[in-house]
Amino acid sequence: MKNEINIGLLGFGVVGSGVAKILHEHRDDLSHKLGVPVKINKVLVKDVNKKRNTDLSADIFTTDLDEIIADPTIDLIVEVIGGTSEAKQAIERSLRSGKGVVTANKDVMAQSGLELLQLADENRCDLFYEASVGGGIPLIRTLEDGLASDRIHAITGIVNGTTNFILTKMKHEKKTYEEALQEATELGFAEADPSADVDGIDAARKMVILASLAFSTDVRMEDVFVRGMKEIRKGDLELADQFGYTIKMAGSAKKDEAGIEVAVEPVFVPNSHPLASVNNEFNAVYVYGDAVGETMFYGPGAGSLPTATSVTGDIVAACRNLLLGVNGKRLHAPQFKCKIKSDSQKYARYFHRISVKDEVGVLTRLSAVYSNHGASLATVIQHADRNNGGVDLIMITHEISRQQHLDIMNELQNTPEVIEVLSFYRVEGETR
Ligand code: HSE
């Protein structure tokens with residue numbers, strides 16, 4: 001029986017320093033919970049001489065991964081380097097050497113999760129990745145354990161803290177996109193390359209992880225429809241509010257008899273829906289199960305200590321397994337083939353903002369475009385805003401397929417009365 005657990009920490013950035021802080025400040029509680037102390041023995045960094053505000057002794061910092069992997073006293077590797085190739089190699093090498101891994105790496109888990117989980121099983125090691133999705137919200141464990149007996153048919157919500165922070169600051173504090181992004185970066189919410197956040201890639205990776213786990217299948221990045229927040233046009237946030245909606249960067253994964261659809265895009269959420277009130281870097285995820293019904297999980301989706309809380313939660317789980325000698329005994333193989341729906345099988349309501357010529361008969365002409373494609377309109381309003389010498393028309397459809405929406409967009413762009421299709425959004429959070 002081990003009398004202590006020793007950790008090799010790979011990376012000492014926003015998350016790594018948070019992990020060290022929690023392990024240090026909560027050491028007595030953790031030791032009580034596990035029955036043995038948990039210690040960081042070595043830390044992999046790029047520059048050992050960099051000044052760091054930490055209680056860890058300077059001599060445990062190293063630039064040599066081999067030194068950590070070969071160290072027989074190290075029981076568990078915690079990977080918080082981020083990025084892809086270096087981190088993936090480090091995880092693979094750790095698992096092959098028989099050391100369990102805790103990672104916060106959504107890039108690697110979205111791209112190679114199944115392969116790595118299999119490698120972990122082959123080597124009788126644990127591979128935990130709670131912090132890869134939802135910052136401090138225990139979502140992975142909820143899907144793997146709490147909701148394990150249910151059939152999940154949908155997961156929707158906000159899974160990127162940075163974009164939610166930016167949208168909140170733009171809406172409520174009238175900050176510019178650039179100011180809000182800079183603030184999110186300074187607070188440690190944004191990725192090293194924040195285009196992953198604002199272009200929806202980070203959220204797409206998280207939806208790949210969640211959908212694969214929830215639907216017991218193998219969703220790939222190329223299966224996800226992604227639209228970034230740069231598609232949000234000037235005036236859209238205010239316009240949404242006037243119609244009783246809030247724009248949120250949302251992820252959604254839905255499964256029915258026709259197949260699976262996974263998307264990340266800016267959507268219109270009714271102001272009365274709880275997602276509309278999820279602000280700043282907070283995330284909120286709805287999970288719908290056949291038996292449980294609707295559940296909602298809310299919490300900080302980014303930041304040092306919230307993310308580190310998920311990492312240390314995994315450390316505790318891995319330590320328990322190490323102490324019991326039962327690590328690497330989990331079934332991860334997907335049960336189902338991933339069948340992605342075509343655009344004509346994905347249904348939603350759509351909001352269209354169209355700049356049109358201010359002429360007699362335009363409304364009739366545009367309404368005809370919608371009816372030509374079998375789309376019924378819920379709302380048609382000529383808005384006071386004027387763009388490019390025209391007026392803005394707002395059309396909100398009843399439920400139509402994505403294919404109908406695309407066909408309508410295409411025809412509108414070729415309609416002489418239309419100056420420009422300014423923006424469009426799927427409406428999320430309303431029942432059929
Ligand atoms: N950049 C990520 C976000 C960090 O803003 O959600 C947490 O995964």
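The table below lists the values:
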quantity: Given charges at Cβ of Lys, Arg, Asp, Glu: the chain dipole, positive-most of Phe243, Ala203, Gly134; calculated: Gly134
quantity: Cβ-defined net charge surrounding Arg27, 13 Å radius [Lys, Arg +1; Asp, Glu -1]; calculated: -2
quantity: Residue-averaged [θ]222 nm for the chain, counting only DSSP H segments that reach four residues, each worth -39500 (n - 2.57); calculated: -10000 deg cm²/dmol
quantity: 0 to 90° range, to nearest 10: angle between helix 304-324 axis and the chain longest Cα axis; calculated: 50
quantity: Gyration tensor verdict on the range 143-187 (Cα atoms; rounded if a/c is under 1.5, prolate if a/b is larger than b/c, oblate otherwise); calculated: prolate
quantity: Other-chain or far-sequence residues with amide H under 5 Å of Glu420's (modelled H); calculated: Ser355
quantity: Scattering curve values for the range 88-222, log₁₀ I(q)/I(0), Debye with Cα scatterers, q = 0.14, 0.15, 0.17, 0.21 Å⁻¹; calculated: -0.70, -0.79, -0.95, -1.23
quantity: Semi-axis lengths, Å, the range 16-150, gyration tensor of Cα atoms, sqrt of 5 times eigenvalues; calculated: 24, 19, 15
quantity: Principal axis dimensions, largest first and in whole angstrom, of the range 231-279 by Cα; calculated: 37, 24, 19
quantity: Rg and Dmax of the range 191-297, Cα atoms only, in Å; calculated: 14.6, 42
quantity: Charge tally in the Cβ shell below 15 Å around Ile69, where Lys, Arg are +1 and Asp, Glu are -1, Ile69 excluded; calculated: -3
quantity: Ranked Lys255, Lys169, Lys357, criterion: other C-beta atoms within 10 Å, fewest first; calculated: Lys357, Lys169, Lys255
quantity: Area projected by the alpha carbon convex hull of the range 347-416, averaged over all directions, nm²; calculated: 4.2
quantity: Stretchable slack from Arg320 to Glu86, in nm (0.36 nm times residue separation minus alpha-carbon distance); calculated: 81.4 nm
quantity: Value of Rg to Rh for the chain (Rh from inverse mean 1/r over Cα pairs, i.e. Kirkwood); calculated: 1.04
quantity: Neighbour-count order for Lys51, Lys339, Lys175, Lys42, fewest beta carbons within 10 angstrom listed first; calculated: Lys51, Lys339, Lys175, Lys42
quantity: Crossing angle, helix 177-186 versus the chain [Cα axis fit, 0-90 degrees, rounded to tens]; calculated: 10
quantity: Ranked list, fewest to most other Cβ atoms within 10 Å of each Cβ, for Asp28, Asp256; calculated: Asp28, Asp256
quantity: Cα pair count fraction exceeding 20 Å, expressed as % - the range 265-381; calculated: 72
quantity: Cα point-scatterer Debye curve for the range 10-53, base-10 log of I(q)/I(0) at q = 0.20, 0.26, 0.29 Å⁻¹; calculated: -0.68, -0.95, -1.06
quantity: FRET efficiency, Arg27 to Glu179 (Cβ-Cβ, R0 30 Å, nearest 0.05); calculated: 0.15
quantity: Sorted peptide list for 184-194, 289-299, criterion being average Cβ within 10 angstrom, highest first; calculated: 184-194, 289-299
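Where a number appears in this text, it was derived from the coordinates with a stated rule and is not lab data. Predicted model, so just to flag it, every value in this text is computed and none were measured. Here the Cβ is made from the backbone with ideal geometry for all residues, glycine too, and neighbour counts use every protein chain on show.
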